[in-house]
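Rule-based calculations on the coordinates, nothing more; no lab input. Every value quoted in this text rests on a predicted model; they were computed, and no experiment measured them. Glycine gets a Cβ as well: all are built from the backbone with ideal geometry, and neighbour counts include every protein chain shown.
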Amino acid sequence: MNGSDVVAARLRNQRLDSFGFKRAADVVRWFGAVQAQDFKAAKWALALRMRKATETVVEDAFNKGEILRTHLMRPTWHFVAPEDIRWLLQLTAPRVNLRCGSAYRRFELDTAVLKRSNKIITKALRGGKHLTRSTLKSALNLAGIDSNDGVRLGHILLRAELDGVVCSGPRAGKQFTYALLEERVPTAQTLNREDALAELTRRYFASHGPATLQDYVWWSGLTTEDAKRGIAQIKRKLEKAVVDEKVYWLSPSARPKQAPKNSVHLLPAFDEYFVAYKDRQIAVAPSLSTWGVLGPTFLIDGIATGTWKSTNPGSIEFNPSRALKKSESLALKDAADRYSAYFGEMSRRK
């Protein structure tokens, strides 16, 4: 296996070269979790992996609770399947709370305050209510929990998510709401810690492989020790490859039959294709920054070859890092047409 094989295998495992999923929930379930702090971008990330999807279809899946959005790893928002949310939180929340410890202390959010906050939030949401951040802020203030500082309020709500008290509710217009997890997802799969660790490890390398141990630690937020133990648990189901003196792990079925030709994809900001790896260089053209590809980036045959932005409805502006071949320009136009169709628009390329 060489660098080109790694890129081709990732395209396949990330499902960017097949568009094989029918539902947004299928995409999320395949990955285990999908980074979603930029909601609009994250919806497009799901649609990219679906056979036919519009923004309305993905938004409806979110509003119906077929996919949830909560703080899960590192910490940032992720999409997660309802049946996975509890065992994932049990595995990852302790590490996120550890990382947030200094912020909790800075805002005097000790165990007693956070326990009381959770009770107030639970009471406000009880009975299937879906409330916005501002409404919960009022409820907390009224009960004597100072929530006027937006960052302090954010950490109170973050902790309620990590404690499994709340998760996303349907949007109220353009505003996000919170719902009680026990009401939004009344039953869900539970796993003990070792089984949860094995399952998250399996999903990561199946959907993101080939990837390194360091990539998995970065994505999951787990300790290196836990990540190693997860790999050890499923090692018989993984294949090891060494490329440029780096050890990669992947599912044995992940090797592509042939490298893609003239495949173009418009990736949103924070797409799993880049954000899920600590080392991104293998899929980035030399003229581009490995941090820059965390913004809207277009791929040609799996390699980040430029950036893009949607300037007006139906209008997309491209900034390639090199001169494009005619066949690549045509493929880029097709990719732009797909993006515009997702919004129900006709594309105009600049």
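Can you pull out the GluC sites (Glu not before Pro) in segment 205-287 whose DSSP state is coil and whose Cβ has at most 14 other Cβ atoms within 10 Å? Spell out each step's value before the answer.
On the way: sites: Glu225, Glu239, Glu245, Glu272; in loops: Glu245.
Those satisfying the criteria are Glu245.
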How high is the relative contact order of segment 264-349, in percent, counting Cα pairs under 8 Å that sit 6 or more residues apart? 27
Amide hydrogen neighbours beyond the local backbone of Ser263, cut-off 5 Å, H modeled: Asp301
Based on DSSP H runs of at least 4 residues, each adding -39500 (n - 2.57), what is the mean residue ellipticity at 222 nm of the chain after dividing by all its residues, to the nearest 500 deg cm²/dmol? -13000 deg cm²/dmol
Show me 145-154, 275-284 ranked by packing, highest mean number of other Cβ atoms within 10 Å first. 275-284, 145-154
One finds the C-alpha centres of segment 280-328 and segment 41-68 to be spaced, in Å, by 23
Residue by residue through segment 186-194, which ³J(HN,Hα) values in whole Hz follow from phi under the Karplus form 6.51 cos²θ - 1.76 cosθ + 1.60 (θ = phi - 60°), with glycine and proline marked x? x, 9, 7, 4, 10, 10, 6, 4, 5
By how many degrees, 0 to 90 and rounded to 10, does the Cα axis of helix 224-233 deviate from the longest principal axis of the chain? 70
Taking a 22 Å limit on the Cα-Cα distance, which of the listed pairs Lys115/Lys137; Lys40/Lys64; Lys64/Lys129; Lys43/Lys129 fall beyond it? Lys43/Lys129
Please state the relative contact order of the chain as a whole percent: Cα pairs under 8 Å, 6+ residues apart? 19
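By average Cβ neighbour count within 10 Å, what is the ranking of 50-63, 107-120 from highest down? Walk me through the intermediate numbers first.
Details: 50-63: 16.9, 107-120: 14.8.
Answer by packing, highest mean first, reads 50-63, 107-120.
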Could you tell me which trypsin sites (Lys or Arg not before Pro) in segment 153-216 are loop residues by DSSP with no more than 12 other beta carbons within 10 angstrom of their beta carbon? Lys174
Gln37's amide H: which non-local residues (gap 5+, or another chain) put their own amide H closer than 5 Å, with H modeled 1.01 Å from N in plane and none for Pro or chain starts? Trp77
